[in-house]
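Report on one structure; see the data block that follows.
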Amino acid sequence: MDTLPELSKGAHPKHTGPLSGVRILDLTTVVMGPYATMILSNLGADIIKLEPPSGDIMRHVGPMKNKLMGHSFINANHGKRSIVLDLKKTEARSVALKIAEKCDVFVHNIRPAALERLGLDYDSISAVNPRVIFASAVGFGSGGRYSGKPAYDDLIQGIVGIPTLVYEGGSEVPRYVPTPVADRSVGLYLSSMISAALYSRERSGRGQSIEVPMFEVLSQYVLGDHMAGLSYEPAQGGAYYTRLISKNRHPYKTADGYICALIYNDSHWKAFFDVIRQPEMFSQDYRFSSQSSRADNIDFVYAFVAKKLEEKTTSEWLALFEENDIPAMLMNTIESLIEDPHLNDVGFFTLQEHPTEGRLRMMNPPETWSETKSYVSGFAPELGQHTLEVLSEFGLSQEEIDAVT
């Protein structure tokens, strides 16, 4: 079983990833921001996670083995160093500013008005650190009427219309997607913007403020597909990419389970009709004969395939589709996903022995690099585990440390 090194002082001195040497002061909580900084940590950045005395709220979400070490927190915060400062206190805010003075990036998901009251807004931090990348992960972009409103994944999914799409696609009621798609999509976007800002600074020598709003980012995500005919002025039809909201677009039932198949282009359809021994249908039934015809008749097309796939088992269809180069995959459960042989082949999971949480199944970075390898550099920290270490590293005396701890 693999073991992870204990995080030591400095910006991951043993990490050779592309962001090795970059130091980030991270005030984000919940999922979006921590997911972004987890990615940056895997790339070698030294993430100093500043938490309130109660800790990131996700520390409290079970299941967990020990208090303040919830499963979601563990998965989104490995490789970071945790310090605790009560930013309601003047002395703690001064310490946070002192740390920010020597960091490459300051990232937060605190509402702008609250951050300004703390004296940790862009003007305050750039005054002591002109090269800082100041990244704000917010719910709604400044200048709009929703600016400053609270935002969580459910709210953003709702306002960009995702529950409506699910309902249009056949759900009995509007539903949220059962994974925090807004948090994780925008978190991924946030990590990209921070990386781009660091590159820009290397060229210009100047830091800057960047704002990443959840509403606008996920609106782009959804409307890229579903603005459809409303992309044009005047409109060329209505909203929705019709294939994506077809009520018949779902995993196909087979004789013994389910299969995920997408018979998409002309060659796939010709092969499929050969497999089911009806080769004439491609040329004789106009509903199948072209991409545009299939799109216009998508509910019928999906229903036709569904009826045929009930005739054989999942393994029989997978073999036939593989043989005829028709895209198909089995439908996993969460339990079977963890056991997926491909993930085992690529070493996606490793079992690690955590000093307090016992054996953990940890996910390695999914990407590969030919030179500057990314990897998980340490476990998720206990609350305040690195406070003394980090404050000493930034030049605070024991007396100053005692005043804020």
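Relative to the longest principal axis of the Cα atoms of the chain, helix 32-42 runs at roughly 80 degrees. Once the Kirkwood radius over Cα pairs is known for the range 1-146, the Stokes-Einstein relation at 37 °C and 0.692 mPa s delivers a diffusion coefficient of 205 µm²/s. The alpha-carbon of Lys102 sits under 19 angstrom from the alpha-carbons of these aspartates and glutamates, leaving out residues fewer than 8 places away in its chain: Asp26, Asp46, Glu51, Glu91, Asp121, Asp123, Glu202, Glu389, Glu393, Glu400. Taking every pair of distinct Cα atoms and averaging 1/r, then inverting, what Kirkwood hydrodynamic radius in Å comes out for the range 252-330? Computed over the range 252-330, the radius equals 12.6 Å.
Please report the orientation-averaged projected area of the range 79-193, defined via the convex hull of its C-alpha atoms, in nm².
Working: hull surface 37.6 nm².
Average of the hull's projected areas for the range 79-193 equals 9.4 nm².
With contacts taken as Cα pairs under 8 Å at a separation of at least 6 residues, the chain carries a relative contact order of 22 percent.
Based on alpha-carbon positions alone, could you give the equivalent ellipsoid semi-axes of the chain from the gyration tensor, as √(5λ), descending, whole Å?
On the way: eigenvalues 434, 134, 69 Å².
So the equivalent ellipsoid measures 47, 26, 19 Å along its semi-axes.
Computed from Cα positions, the angle between helix 181-204 and the longest principal axis of the chain comes to roughly 60 degrees. By DSSP, the beta bridges lying fully in the chain are antiparallel in about 30 percent of cases. If one takes the longest principal axis of the Cα atoms in the chain, at what angle in degrees, from 0 to 90 and to the nearest 10, does the Cα axis of helix 266-275 lie? Roughly 60 degrees between the two axes. Straight Cα distances below 27 angstrom link Lys247 to the lysines Lys270, Lys307, Lys308, Lys312, with same-chain residues fewer than 8 positions distant left out.
FRET efficiency for the Glu101 to Tyr167 pair, using the beta carbon distance and R₀ = 45 Å, is estimated at 0.35. Orientation-averaged projection of the range 318-405 equals 10.2 nm² [convex hull of Cα atoms, one quarter of hull surface area].
Peptide packing for 229-237, 71-79, 115-123, 59-67 was compared via the average number of neighbouring C-beta atoms within 10 Å per residue; ordered from the highest value, the list is 71-79, 115-123, 59-67, 229-237. The distance from the alpha carbon centre of the range 23-92 to that of the range 188-220 is 20 Å, rounded to a whole number. When the chain is treated as a Gaussian network with alpha carbon springs shorter than 10 Å, the biggest mean-square fluctuation among Pro213, Pro279, Pro53 belongs to Pro279. Largest mean-square fluctuation among Asn324, Asn248, Asn109, in a Gaussian network model of the chain whose springs join Cα atoms under 10 Å apart, belongs to Asn324. Based on C-alpha pairs under 8 angstrom that are at least 6 apart in sequence, the range 134-196 has a relative contact order of 25 percent. As a calculated quantity, the FRET efficiency between Asn344 and Asn265 at R0 = 22 Å, using C-beta atoms, amounts to about 0.10. Simple point charges give the picture: +1 on the Cβ of Lys and Arg, -1 on the Cβ of Asp and Glu, and for the range 252-330 a dipole about the Cα centre of about 180 debye.
Mean-square fluctuation check for the chain, GNM, Cα pairs under 10 Å: which of Val222, Val346, Val22 is largest? Fluctuation is largest for Val346. Across the alpha-carbon atoms of the range 231-390, the computed radius of gyration and Dmax are 23.1, 76 angstrom.
Highest mean first, how do 359-369, 374-384, 333-343 rank when packing is the count of other Cβ atoms within 10 Å averaged over residues? Show your work: numbers first, answer last.
Details: 359-369: 13.3, 374-384: 20.8, 333-343: 9.7.
Going by the mean number of other Cβ atoms within 10 Å, highest first, we get 374-384, 359-369, 333-343.
For the range 123-243, the Kirkwood hydrodynamic radius comes to 16.4 Å, computed from all pairs of different C-alpha atoms.
All of the numbers you see were taken from the coordinates with simple rules; none came from a lab. Just so it is clear, the model here is predicted, and its values are computed rather than measured. Heads up, the Cβs are rebuilt from the backbone with ideal geometry, glycines too, and the neighbour counts pull from every protein chain shown.
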